[in-house]
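**Q** First the structure, which I've put down as structure tokens, then a few questions once you've had a look.
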């Protein structure tokens with residue numbers, strides 16, 4: 001197991017996205033391709049998904065596993081990145097290591113909000129989300 005330390009590249013504050021609550025922001029300039037944060041995850045078996053869906057955690061887990069048949073909650077700030085259909089970051093799952101990395105898709109300036117596309121981390125997927133308060137993308 002590798003040693004992980006908390007990221008010093010981000011901080012949590014009030015989001016600039018309407019109705020999003022809190023969000024993550026760059027505390028330093030971040031370069032395209034740079035790992036912003038590496039987060040360990042807690043994996044839940046498929047049988048527990050029915051219970052998670054009845055809680056606030058429904059908006060904080062990732063589909064997980066080789067066959068996407070389990071779910072995981074990212075520790076650190078991993079489950080707190082806000083959604084955007086034009087994200088500046090993506091995430092890469094490392095199932096075997098029980099780890100998820102958040103990686104910059106472009107240069108991010110200090111103070112800029114950091115966002116990901118919730119559609120399986122695919123920054124180009126414009127599919128509607130399950131969350132009712134996230135508006136569909138503008139075409």
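**Q** With an 8 Å cut-off on Cα pairs and a minimum separation of 6 or more residues, tell me the relative contact order of the chain in percent.
**A** It rounds to 27 percent for the chain.
**Q** So if R0 is 41 Å, what FRET efficiency would residue 101 and residue 54 give, r being the distance between their Cβ atoms, rounded to the nearest 0.05? The partial results should precede the final answer.
**A** On the way: r = 30 Å, r/R0 = 0.72.
Working from the Cβ atoms, E equals 0.90.
**Q** Name the residues of region 14-40 whose amide N is less than 14 Å from a point 7 angstrom out from the Cα of residue 83 along the C-beta direction?
**A** 18-21
**Q** For each of 51, 11, count neighbouring Cβ atoms within 10 Å of the residue's Cβ, then give the residues from fewest to most.
**A** 51, 11
**Q** Taking the beta-carbon count within 10 Å as an exposure proxy, list 73, 41, 58 from fewest neighbours to most.
**A** Fewest to most other Cβ atoms nearby, the residues stand as 58, 73, 41.
**Q** Another question, then. Suppose we look only past 27 Å in the calculated P(r) of the chain. What percent of the Cα-Cα pairs does that tail hold? Intermediate results must be reported in sequence, preceding the final value.
**A** Values: 1637 of 9591 pairs.
Of all Cα-Cα distances in the chain, 17 percent exceed 27 Å.
Throughout, read-outs are computed from the coordinates displayed, never taken from laboratory work. Since the structure is predicted, the reported quantities are computational estimates derived from the model, not experimental observations. Because the Cβ atoms are built from the backbone with ideal geometry, glycine has one as well, and the counts that use them run over all protein chains shown.
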